[in-house]
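The next block holds one structure in the form of structure tokens; read it before the comments.
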Amino acid sequence: MTDLRIIKGKEMKKNIIFSTLKLIAEEGIEGISTQKIADHLNISKSNIFHHFKSVDIILDEVFATILQSMLEPISSHNYKNVKEFLMFIGKGVYQLIYEERTIYIVMFQLYTMSLHNEKYQNLILRQKEKIIQVISSELSKLTDSDKDTCETVSEILLMSLDGYGLSALLDERPPHYERLWELNVDYLCNLLSESKGGSYD
């Protein structure tokens with residue numbers, strides 16, 4: 001019986017987080033409230049407060065969910081070479097399924113919020129550092145490039161992904177963005193290969 005309550009509790013927490021994600025994607029972050037989340041799930045506010053003490057805590061969990069969704073695909077595949085790795089990352093931006101699109105919309109909402117909120121600004125910057133380290137680690141496995149070069153390429157990559165992601169959300173043309181991304185990947189491969197005089201095409 002206890003185990004069943006724990007499972008149901010975990011499911012409800014997950015439902016609250018994903019319901020909040022959908023609401024932010026559809027309506028923006030400013031008006032988010034426990035009442036809106038409760039109405040969206042057709043449950044009481046007290047049920048929300050049973051799992052989360054405040055909207056801020058829910059938003060923290062939303063943030064953690066976004067970070068996990070970005071980090072997991074990066075290190076969960078075996079790549080033949082660095083170009084395949086970089087192209088794979090790009091596809092996660094310009095070939096989005098519905099759930100991924102929702103996450104990207106919310107991420108950009110949080111970016112905007114972080115410009116006026118120090119807490120979220122710090123979270124974004126910590127998130128950025130984690131992603132750079134994960135990408136850099138994969139680049140180190142796939143190339144002979146030194147640590148500094150891998151980290152520099154990772155940061156350039158992450159900044160590029162933000163721009164591509166926003167453009168792809170506004171203008172859904174996957175073949176067009178795939179071609180643009182391939183040109184970007186060629187440039188990044190050249191940066192990596194120049195540090196050791198090799199080639200990573």
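The values are calculated or read from the model by the stated rules, or taken from the named source; none is laboratory data. This structure is a prediction, so every number in the text was calculated from the model and none was measured. A quick note on method: Cβ atoms are made from the backbone with ideal geometry, for glycine too, and the neighbour counts reach across all protein chains shown.
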Checking A64 against (1) more than 13 Å from T20 (Cβ to Cβ); (2) part of a helix (DSSP H, G or I); (3) without any contact (Cβ under 8 Å) to a residue 12 or more places away in the chain; (4) not charged (D, E, K, R), which single condition isn't satisfied? (1)
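Given the structure, is Q68 more than 30 Å from V134 (Cα to Cα), out of contact with any strand residue (DSSP E or B) (no Cβ under 6 Å at 6 or more places or on another chain) and surrounded by fewer than 16 Cβ atoms within 10 Å (Cβ to Cβ)?
Working: more than 30 Å from V134 (Cα to Cα): no; out of contact with any strand residue (DSSP E or B) (no Cβ under 6 Å at 6 or more places or on another chain): yes; surrounded by fewer than 16 Cβ atoms within 10 Å (Cβ to Cβ): yes.
No.
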Search region 76-105 for residues being touching a Ser or Thr at 6+ places or on another chain (Cβ under 8 Å) and under 27 Å from N15 (Cβ atoms), and hand back the single one that is modelled with the lowest pLDDT. E100
Would a scan of region 96-103 turn up a residue that is among the β-branched types (V, I, T), within 15 Å of the chain's Cα centre (by Cα) and assigned to a helix (DSSP H, G or I)? yes
Can you tell me how many residues within region 139-175 are free of Cβ contacts under 8 Å to residues at least 40 places away in the same chain, crowded, with 16+ Cβ neighbours inside 10 Å and either at positive phi or part of a loop (DSSP other than H, G, I, E, B) (or both)? 0
Checking S136 against (1) surrounded by 14 or more Cβ atoms within 10 Å (Cβ to Cβ); (2) out of contact with any Asp or Glu (no Cβ under 7 Å at 6 or more places or on another chain); (3) of a type in the set (S, T, N, Q), the condition it does not meet: (2)
So I58 clears everything in (1) more than 26 Å from L180 (Cα to Cα); (2) touching a helix residue (DSSP H, G or I) at 6+ places or on another chain (Cβ under 7 Å); (3) assigned to a loop (DSSP other than H, G, I, E, B) except one condition, right? Which one? (3)
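Just one of I32, I24 is more than 28 Å from T149 (Cβ to Cβ), outside any helix (DSSP H, G or I), at pLDDT 85 or above and in contact with a Leu (Cβ under 9 Å, 6 or more places away or on another chain); which is it?
Values: I24 fails: outside any helix (DSSP H, G or I).
On inspection, the qualifying residue turns out to be I32.
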